[in-house]
1. Could you give the angle, 0 to 90 degrees to the nearest 10, between helix 15-26's Cα long axis and the longest principal axis of the Cα atoms of the chain?
2. Using a probe of 1.4 angstrom, how much of the accessible area of the chain is carbon and sulfur, in percent?
3. Rounded to the nearest 10 degrees, what's the angle between the helix 40-50 long axis and the longest principal axis of the chain, both from Cα atoms, 0 to 90?
4. Got the relative contact order for segment 1-78 handy, in percent, Cα pairs under 8 Å and 6 or more residues apart?
5. May I ask what percent, to the nearest 5, of DSSP beta bridges between residues of the chain are antiparallel?
6. Probe of 1.4 angstrom, ligands and nucleic acids ignored: what's the accessible area per residue over the chain, in square angstrom?
7. The chain: Rg/Rh from Cα coordinates, Kirkwood Rh?
8. Using only Cα atoms, find the angle between the long axis of helix 70-80 and the longest principal axis of the chain, and express it within 0 to 90 degrees, rounded to the nearest 10.
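The values are calculated or read from the model by the stated rules, or taken from the named source; none is laboratory data. Keep in mind it's a predicted model, so treat the numbers as computed, not measured. Note: areas computed on protein heavy atoms with side chains; ligands, DNA, RNA excluded. Shrake-Rupley method; radii C 1.70, N 1.55, O 1.52, S 1.80 Å.
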Amino acid sequence: MKPSKIRLFVKPWCGWCQEAEEWLDNRKIEYELLDVTSDRRAWDEMRQLTGQTKAPCLEADGEVLADFGVDELEPWWADRFPD
């Protein structure tokens, strides 16, 4: 089951954020990219979702993974959205 709405909150200069984008892109997963450094609304929403200011933050159909590396993303994704 694939999620219907995916949003990735990032800081463009963040290496973990870039790796998360690559992970999603390599799997041809469509997502909305939100730059929290240039979009105050995205920043506020990320803080509300996670209670923190660290990125990346991924929201997929209401499930949230915050301040993660790709090594954490893969098992999190597989557990929630198995093929």
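1. 40 degrees
2. For the chain, the apolar C and S fraction of the accessible surface comes to 45 percent.
3. 60 degrees
4. After rounding, I find 36 percent.
5. On the way: 8 of 12 bridges.
Here the antiparallel bridges make up roughly 65 percent for the chain.
6. Solvent-accessible surface per residue comes out at 63 Å².
7. Details: Rg = 11.7 Å, Rh = 12.6 Å.
Rg divided by Rh gives 0.93.
8. 60 degrees
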